[in-house]
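Notes follow the structure.
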Amino acid sequence: MSWRSNMSIEETFKKRFQARRFLKDKIPDKELIKSLLEKTFELVPSKQSLVPYNVWVLGPEHLETKQKLHNLASWHWQKNKEGRVHNGTIQLLAPYLIIFTDRQVNDPSPAIVRNIQRGHPYPILELGNEQVNKALEVGMFSKILTGLCLEKDLAVSYTLCFPTNKEKQKSTVPELIDIIESHVLLLMSIGYPAGENFIREFNEYKPPIENVIKWI
């Protein structure tokens, strides 16, 4: 498969928007998604090559589970309005849902093993430690994957609306117990978009650049 694109990096990322709904009658081929994930893994940087996170993939065959996840995320936003649909998390029903979680690192490279034997501490190897650093690395993975998806005319969206109540999680999606036992860092949806960037209709825009980028 060729990875060349006639578009510049800038042109590619200008195509991105937070997709809410995805086509149900046009599903990306599993081999395409698999190749994009493999290429991302090849390209993504990771401190000391530890990759302290898991990338769980729920394909089109897991619609029922994704519906449960959507209900769970809706409950998070509308605790007193059970049963109502919350469109802010409707993207969780996308053909492919990627769930990034913490990972217990049991496969460090020989260089790290030697350092551990010398007494160097590596708290990032353990579940629950250094969540900020792990989330940062997940951001790198998701952004590279986004670029590769955009080159293939796939839309993506990101979701952080996931309740931390473990008991609620387990009772809602017991089939995902392995994922729930880890810390969910980010959810990412992939598919062909149904509709345009609706956010523009609500005058949602970034703040002035000078409020964000500061030259010293």
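Here, each number is a calculation from the coordinates, and none is a lab measurement. From a predicted model like this one, the values you see are computed outputs, not experimental measurements. Note that each Cβ is placed from the backbone with ideal geometry, even for glycine, and that neighbours are counted across all protein chains shown.
In the chain, the DSSP-assigned H stretches of four residues or longer account for a calculated mean residue ellipticity at 222 nm of -10500 deg cm²/dmol, using -39500 (n - 2.57) per stretch and the full residue count as denominator. Where both bridge residues fall in the chain, DSSP classifies roughly 95% of the beta bridges as antiparallel.
Multiplying the residue separation of Lys170 and Lys206 by 0.36 nm and subtracting their alpha-carbon distance yields 9.3 nm. Using the structure shown, select from Lys68/Lys206; Lys166/Lys206; Lys26/Lys143; Lys34/Lys68 the pairs with a Cα to Cα distance greater than 28 angstrom. Correct reply: Lys68/Lys206; Lys166/Lys206. Straight-line reach from Lys30: which aspartates and glutamates have a Cα under 19 Å away, not including same-chain ones fewer than 8 places off? Answer for Lys30, where 19 Å is the Cα cut-off: Glu38, Glu42, Glu61, Glu64, Glu151, Asp153, listed by chain and number.
Full extension of the chain between Gln131 and Gln18 gives 38.2 nm of extra length, using 0.36 nm per residue less the Cα-Cα distance. When the pairs Lys24/Lys170; Lys14/Lys39; Lys15/Lys214 are compared against a 23 Å limit on Cα-Cα distance, Lys24/Lys170; Lys15/Lys214 fall above it. Peptide packing for 50-60, 186-196 was compared via the average number of neighbouring C-beta atoms within 10 Å per residue; ordered from the highest value, the list is 186-196, 50-60.
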